[in-house]
1. If residue 270 meets every condition in (1) exposed (fewer than 14 other Cβ atoms within 10 Å of the Cβ); (2) among the acidic types (Asp, Glu); (3) under 46 Å from the mean Cα position of the chain (by Cα) apart from one, which number is that one?
2. Report yes if some residue within the stretch 30-45 is at pLDDT below 80 and in contact with a Lys or Arg (Cβ under 6 Å, 6 or more places away or on another chain); otherwise report no.
3. Does the stretch 199-218 contain at least one residue that is at pLDDT 75 or above, of a type outside the set (A, V, I, L, M, F, W, C), outside any helix (DSSP H, G or I) and open to solvent by 80 Å² or more (accessible area, probe 1.4 Å)?
4. Name the single residue, out of those in the stretch 225-243 being open to solvent by 10 Å² or more (accessible area, probe 1.4 Å) and in a helix (DSSP H, G or I), that is farthest from residue 254 (Cα to Cα).
5. Taking the stretch 21-65 as the region of interest, how many residues are in a helix (DSSP H, G or I), farther than 30 Å from residue 92 by Cα and open to solvent by 80 Å² or more (accessible area, probe 1.4 Å)?
6. Can you pull out the residues in the stretch 295-338 that are over 17 Å from residue 266 (Cβ atoms), out of contact with any strand residue (DSSP E or B) (no Cβ under 8 Å at 6 or more places or on another chain) and in contact (Cβ under 8 Å) with a residue 24 or more places away in the chain?
7. If you go through the stretch 277-292 one residue at a time, do you hit one that is over 18 Å from residue 211 (Cα atoms) and open to solvent by 70 Å² or more (accessible area, probe 1.4 Å)?
Amino acid sequence: MNIFNTGALPTTQSHVCLQFFANCCFFLVAHVSCCRKRSLEEENENLTQEIIAKRRTDENGAISALKRKKINQIEVDKISNILTTLHILITRLESAVQNAETFEAINAGTNVMTNIATMIGIEDVDDLMDNLNEAMDLTDEVSDGLAHPLDPLTLDRDELLAELHAMHAEDVEIELLRERKSASSSSRDSQSKSASSVQTTEFPSILLNHISIVYEDNNERVTSDVKTFLQSEIGRSFGLTTEPYVLDNGTFTRPVVMLSGILPVFYQGEQYNIPVDNYLPPRYPRDAPVVFVRPVAGMAIYQGHRHVGLDGRVYMPYLSEWASETHDLSALAIMISS
């Protein structure tokens with residue numbers, strides 16, 4: 001399709017007018033040249049008559065020369081006025097020709113745009129953009145596929161972290177059992193009542209390393225609080241282990257310190273031995289411990305209990321108002337028992 005119409009242009013009225021304007025301009029320019037030539041001749045004649053008038057000795061000859069000069073000067077003035085009129089007319093004609101050419105150029109551009117729009121169509125543009133987007137999406141998929149590293153073990157990162165945490169917890173558990181056996185063999189008479197608890201004043205090195213990793217700058221505080229609690233009267237029945245902690249968003253942390261044991265709870269004059277698990281979250285002691293009641297066979301959580309949820313989690317003011325400077329694990333256990 002010839003969208004620029006490069007073939008022979010039809011002879012329209014505008015083209016005829018343009019040609020006429022061009023011929024007029026050419027004629028006027030030629031006439032201006034002739035007038036300038038005539039004006040120069042008349043001025044030369046004036047100069048000649050002025051010289052003759054000055055050199056004539058008789059008055060009649062001098063006056064006659066001056067008369068011819070005056071007549072020639074009138075002609076020079078007429079020619080000057082004609083030249084001015086011709087210059088104005090040529091300028092106006094040139095402006096008109098330029099306007100006509102501009103109109104023709106705009107008209108040609110409009111015709112080209114109309115031809116392009118007719119040739120393409122809005123539906124074709126939509127199809128082209130859809131194809132372009134599909135090609136770009138395919139290119140992105142190919143680039144993403146090529147950017148993936150070649151890993152023969154394409155396991156999920158969360159699965160690997162869970163396995164690593166389980167390995168750490170297992171190592172800690174083995175070391176704790178080893179410490180318990182050693183403590184039990186050295187003092188069977190005092191340790192037989194609580195074989196699952198850790199009553200030694202020193203923790204195994206693997207547990208200390210684990211605490212330093214999980215609790216970072218607060219590891220000394222965690223170690224001190226746990227030792228104090230296990231050596232207290234209310235904490236002697238508790239054992240120490242590590243388990244992953246579930247955050248509120250459902251994700252698991254590294255295995256944290258968990259104190260598991262029996263708390264005596266007094267209700268209406270009766271004592272009930274309640275199994276509880278006390279988790280120390282990774283931000284302990286800034287964050288309060290998380291305590292769960294673990295019912296055994298024959299026990300059930302009372303629906304609507306003001307301090308225990310159906311999932312067994314303990315809620316009480318001492319936990320909600322927890323402050324690391326004034327609260328501790330032993331006082332917490334006493335508040336739960338009371």
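The values are calculated or read from the model by the stated rules, or taken from the named source; none is laboratory data. The model shown is predicted, which means the values in this text are computed figures rather than measured ones. We place every Cβ from the backbone using ideal geometry, glycine too, and count neighbours over all the protein chains shown. Areas reflect the complete protein model, heavy atoms only, side chains present, ligands, DNA and RNA absent. Shrake-Rupley method; radii C 1.70, N 1.55, O 1.52, S 1.80 Å.
1. (3)
2. So far as the stretch 30-45 goes, no, none of its residues is at pLDDT below 80 and in contact with a Lys or Arg (Cβ under 6 Å, 6 or more places away or on another chain).
3. So far as the stretch 199-218 goes, no, none of its residues is at pLDDT 75 or above, of a type outside the set (A, V, I, L, M, F, W, C), outside any helix (DSSP H, G or I) and open to solvent by 80 Å² or more (accessible area, probe 1.4 Å).
4. Among residues in the stretch 225-243 that are open to solvent by 10 Å² or more (accessible area, probe 1.4 Å) and in a helix (DSSP H, G or I), the one farthest from residue 254 (Cα to Cα) is 231.
5. The first filter runs over the stretch 21-65 and keeps only residues in a helix (DSSP H, G or I), leaving 21-55, 59-65.
Those left that are additionally farther than 30 Å from residue 92 by Cα: 44-55, 59-65.
So of that shortlist, the ones also open to solvent by 80 Å² or more (accessible area, probe 1.4 Å) come out as 44, 47, 54-55, 59-60, 63.
So the count comes out to 7.
6. Within the stretch 295-338, 320, 322, 324, 327, 328, 330 meet the criteria.
7. Within the stretch 277-292 (the criterion being over 18 Å from residue 211 (Cα atoms) and open to solvent by 70 Å² or more (accessible area, probe 1.4 Å)), the answer is no, since none of the residues qualifies.
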